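The values are calculated or read from the model by the stated rules, or taken from the named source; none is laboratory data. Quick caveat, the model's predicted, so the values are computed rather than measured. Here Cβ is always computed from backbone atoms with ideal geometry, including for glycine, and neighbour counts include all displayed protein chains.
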Amino acid sequence: MQEKPNVIVDKTFEFALMIVELAEKLENNRKYVIANQLLKSGTSVGANVREAQNAESKGDFIHKMKIAAKEADETEYWLLLCQKSENYPDCEALQKEVKEIVKILSKIIASSKTNRINTIKN
């Protein structure tokens, strides 16, 4: 039986692959600090989203998604820094992608909170 597609899991995995590629380019250009920061935060987004899929409760799910959102926000910062610095590769496409991921995560968190409140009330 084929699993139902999960947009945020797939999107954050693809994003992590793009981050790995950018980090390798940065390392080849001896931009080690930014490469390391981007690699850690950028791949952590998808790891936390994936971990949330096996959450022990709705509260645990929300918590892990919030961590993913924080990591995405940090990644957005490093990408902006990269974009504004001289002699760094263009990362505008990654900036757009991370902004979209942040929006999706925000919607998931908000709807999960609403569903949790409705479940508690009923």
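Only one residue in K70, K107 is at pLDDT 95 or above and under 16 Å from V9 (Cβ atoms). Which one? Just a single option satisfies the conditions, and that option is K107.
Taking region 1-28 as the range and being farther than 14 Å from Y77 by Cα, of a type in the set (A, V, I, L, M) and under 19 Å from the mean Cα position of the chain (by Cα) as the test, the residues that pass are V7, I8, V9, A16, L17, M18, V20, L22, A23. Within region 78-90, residues that are charged (D, E, K, R) sit with their Cβ atoms under 8 Å from residues that are surrounded by 14 or more Cβ atoms within 10 Å (Cβ to Cβ), at 6+ positions apart or across chains, in these pairs: D90/Q83. The criterion of at least 2 residues that are of a type in the set (D, E) and within 17 Å of the chain's Cα centre (by Cα) is met, among helices (runs of 4 or more DSSP H) falling completely within region 29-122, by 58-84, 92-121.
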